[in-house]
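Presented below is the structure to which this report refers.
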Amino acid sequence: MNYQLLKSAAQEVRDEYLRGELGEEKCEILDKYQLKSNANLYWERRHEHHPVQQYFSHKFAKKASPLGMIFHIYKLCYAKVKYFDKNWNEFAPCSVM
């Protein structure tokens with residue numbers, strides 16, 4: 001796809017195409033955090049009474065893991081993302097007694 005052409009496309013068309021490149025799990029993250037693409041192909045959140053917050057580029061969303069996307073939204077260190085991705089199987093959920 002010609003990304004220059006996509007930048008000038010309507011919001012709905014652009015979102016539909018870009019989401020198709022990401023997969024179901026990453027799209028669930030976009031939905032949960034109400035992220036929409038902008039004309040520069042960055043994922044951002046728009047609130048009525050707050051300034052627009054850009055989170056990451058579409059290029060980053062394609063190459064990052066879903067966990068990496070979440071860590072980026074919360075502005076956590078990328079080294080932590082790599083550590084959690086590498087050692088994910090060693091973590092056990094907490095159980096409440």
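The values are calculated or read from the model by the stated rules, or taken from the named source; none is laboratory data. None of these values were measured; they are calculated from a predicted model. Reconstructed Cβ throughout: ideal geometry from the backbone, glycine too, with neighbour counts over all protein chains shown.
Could you count how many residues in the stretch 43-67 are touching a residue at least 24 places away in the same chain (Cβ under 8 Å) and closer than 27 Å to ASN89 by Cα?
Qualifying residue count for the region: 3.
Can you tell me which of GLU12, GLU16 is in a helix (DSSP H, G or I) and loosely packed, with under 12 Cβ neighbours inside 10 Å?
From the options GLU12, GLU16, the qualifying one is GLU12.
Answer yes or no as to whether TYR55 is closer than 20 Å to LEU6 by Cβ, modelled with pLDDT of 90 or more and touching a Phe, Trp or Tyr at 6+ places or on another chain (Cβ under 8 Å).
In short, yes.
Report, by residue number, each residue of the stretch 51-97 that is aromatic (Phe, Trp, Tyr) and not in a loop (DSSP other than H, G, I, E, B). Lay out the reasoning, then the answer.
Within the stretch 51-97, the subset aromatic (Phe, Trp, Tyr) is 55-56, 60, 71, 74, 78, 83-84, 88, 91.
Correct list: TYR55, PHE56, PHE60, PHE71, TYR78, TYR83, PHE84, TRP88.
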